[in-house]
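Single-structure report; data block below.
The values are calculated or read from the model by the stated rules, or taken from the named source; none is laboratory data. Predicted model only: the values in this text are computed from it and were never measured. Here the Cβ is made from the backbone with ideal geometry for all residues, glycine too, and neighbour counts use every protein chain on show. The protein model used for the area step is the full one, side chains on, heavy atoms only, and it has no ligands, DNA or RNA in it. Shrake-Rupley method; radii C 1.70, N 1.55, O 1.52, S 1.80 Å.
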Amino acid sequence: PGEAAPLADRLRPTRLEEVIGQNHLTGPTGAIGRMVAARRLSSMVLWGPPGTGKTTIARLLADAVGLRFAAISAVFSGVADLKKMFAEARDHARLGQRTLLFVDEIHRFNRAQQDGFLPYVEDGTVILVGATTENPSFELNAALLSRAQVLILNRLDAAALDTLLARAETVEARALPLTPPARAALVASADGDGRFLLNQAETLFSIDLPEPLDPAGLAALLHRRMAVYDKDREGHYNLISALHKSLRGSDPQAALYYMARMLVAGEQPLYVLRRLVRFASEDIGLADPQALVQCLAAKDAYDFLGSPEGELAIVQACLYLATAPKSNAAYKAQKAAWKTARDTGSLMPPPAILNAPTKLMKSIGYGRDYAYDHDAPDGFSGDDYWPAEMAPQTFYTPAPRGFEAKIAERLAYWDGLRAERRGGG
């Protein structure tokens, strides 16, 4: 690239050894390093966050093993473009030159378009290298995945990003106009994206500053990069899973961090509240009956106040859930009861506990000999409420924690009275 090219292009590596932050793949013992050493490439999908080197690695792979490089973007291309690329690759194959076909944003091709790659990958017309920021398990056909290795690129860490800045300073032959704390803030603002970092550095190089910027001056000059978070993609599910498991593990600090990640990145607060309500029933239940009340109160408070004031109520609910005693006894009871209901079909309850609003129903025994609990000693009859064809079941077993410990005491008390009164009868 010429001097007028963007800094990121001028710093693009020319050899695999120059790629930063992906040594687990490009190093001598990495999957890519081994393939290059053997000069035998297989089709692959490069999966990683933006700005981590997917396009660069694809270009360098073709150079390293002497393949023709062809590139296409799924964002701007369709079936006609693919057919043209495959035809050109077949023509070159007849002349003894194989083609590495790089497909950027491969997950944007639909399932039928992805199937179109299969015959050309199988017969060796192209070696496919796809790039995606999305989880291939969800976005790519199983048939395509079975023919390509999935190689995961790491988010660039602070050391890798700092190395990029050092290379930029070498190319520009001058230091960035930043104090050390501002330089660290610049690296942090990139959120692992090397391309974004170099674009920010290029902006700083283009400005004539009387003195180095401190973090406040840097923040005023540059816009901070928004966190990578697609509400209908894997990042969304990863963070809600992390929030749920942090709550279950009674770690309020981690739970608050993951919830903040979601809300700062633009997640709808009501979605977060729905997940907290579900958690209150699934993972706390009757160990602390107030957990569900707190979540619904937070929802009402957020509806009343809106953002940003109402978000404090969501924080309160999150902290309450994380610090509450945990029990999934109600959740397990629901699953067990639902299964038994499906398995047992339409068994009739005991006639004694059925209402008898008509003479016919009374004549066939509905309501006969019903033991009214309030008339019994201790307000408890100890009667059998199960269908005659079914033995009594145990779906709900309280945890020995929180309020459920008291529930367990009550159940044990009633079980004792039931055994005593049935035995006496």
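Taking the Cα centre of the chain as origin and charging only Cβ (+1 Lys, Arg; -1 Asp, Glu), how large is the dipole, in debye to the nearest 20?
Details: 47 positive and 49 negative charges, 250 e Å.
Here the chain has a charge dipole of around 1200 debye.
Taking 0.36 nm per intervening residue step and subtracting the Cα-Cα distance, what contour gain separates residue 9 from residue 63 on full extension?
Going from the current span to full extension adds 17.7 nm.
How many Å² of accessible area per residue for region 1-77, probe 1.4 Å? Don't jump to the answer; show the numbers that get you there.
Values: 3720 Å² over 77 residues.
Here the residues of region 1-77 average 48 Å² of exposed surface.
Could you pull out which residues in region 190-220 have an amide N less than 12 Å from a spot 7 Å beyond the Cα of residue 184, following the Cα-Cβ vector?
215, by backbone N distance to the label point.
For every helix of n ≥ 4 consecutive DSSP H residues, a contribution of -39,500 (n - 2.57) applies; sum these over the chain, divide by its total residues, and give [θ] at 222 nm rounded to the nearest 500 deg cm²/dmol. Kindly include the intermediate steps, with their values, before the conclusion.
Values: 21 runs with 218 residues, N = 425.
It comes out at -15000 deg cm²/dmol, rounded to the nearest 500.
Could you tell me which residue out of 357, 407, 390 lies farthest along the dipole of region 274-413 toward its positive end? Charges go on the beta carbon: Lys and Arg +1, Asp and Glu -1, centred on the Cα centre.
Positive-most Cα among the choices belongs to 390.
Quick one: dipole size for region 93-218, taken about the Cα centre, charges +1 on Lys/Arg Cβ and -1 on Asp/Glu Cβ, in debye to the nearest 20.
500 debye
Nearest 20 debye, what's the magnitude of the dipole of region 15-101 about its Cα centre given +1 on Lys and Arg Cβ and -1 on Asp and Glu Cβ?
About 300 debye.
Below 24 Å, Cα to Cα, which lysines can residue 406 reach? Residues fewer than 8 away in the same chain don't count.
326, 332, 335
Give me the extension gain from residue 138 to residue 90: residue separation times 0.36 nm, minus the current Cα-Cα distance, reported in nm with one decimal.
Answer, rounded to one decimal: 14.2 nm.
Ignoring ligands, DNA and RNA, what accessible area per residue does region 233-323 give at 1.4 Å, in Å²?
Ligands and nucleic acids excluded, the result is 49 Å² per residue.
Express the carbon and sulfur contribution to the solvent-accessible surface of region 123-190 as a percent, rounded to the nearest whole number, probe 1.4 angstrom.
C and S fraction of accessible area: 58 percent.
Go through region 247-345 and name the GluC sites (Glu not before Pro) that are in a DSSP coil and have 12 or fewer other Cβ atoms within 10 Å of their Cβ.
Hits after loop and neighbour filter: 309.
Check each of the trypsin sites (Lys or Arg not before Pro) in region 1-106 and keep only those in coil by DSSP with at most 12 other C-beta atoms within 10 angstrom; list them in order. Provide the component values of the computation, followed by the final result.
On the way: sites: 10, 15, 34, 39, 40, 54, 59, 68, 83, 84, 90, 94, 98; in loops: 15, 39, 40, 98.
Of the trypsin sites (Lys or Arg not before Pro), the ones in loops of region 1-106 whose Cβ has at most 12 other Cβ atoms within 10 Å are 15, 39, 40.
Whole angstrom only: what separates the Cα centroid of region 130-208 from the Cα centroid of region 302-359?
After rounding, the separation between the Cα centres reads 46 Å.
Within 10 Å, at most 11 other Cβ atoms, and a DSSP state outside H, G, I, E, B define an exposed site. Report the longest part of the chain free of exposed chymotrypsin sites (Phe, Trp or Tyr not before Pro). Mind showing how you got there, number by number?
Values: sites that count: 76, 372, 385.
Between exposed loop sites, the widest span is 77-371.
Measure off, as a whole percent, the carbon and sulfur share of the 1.4 Å-probe accessible area of region 276-385, all protein chains present.
Carbon with sulfur: 59 percent of the solvent-accessible area.
Would you pull out the residues with amide H under 5 Å of residue 150's amide H, same chain only if 5 or more places away, H placed 1.01 Å from N?
45
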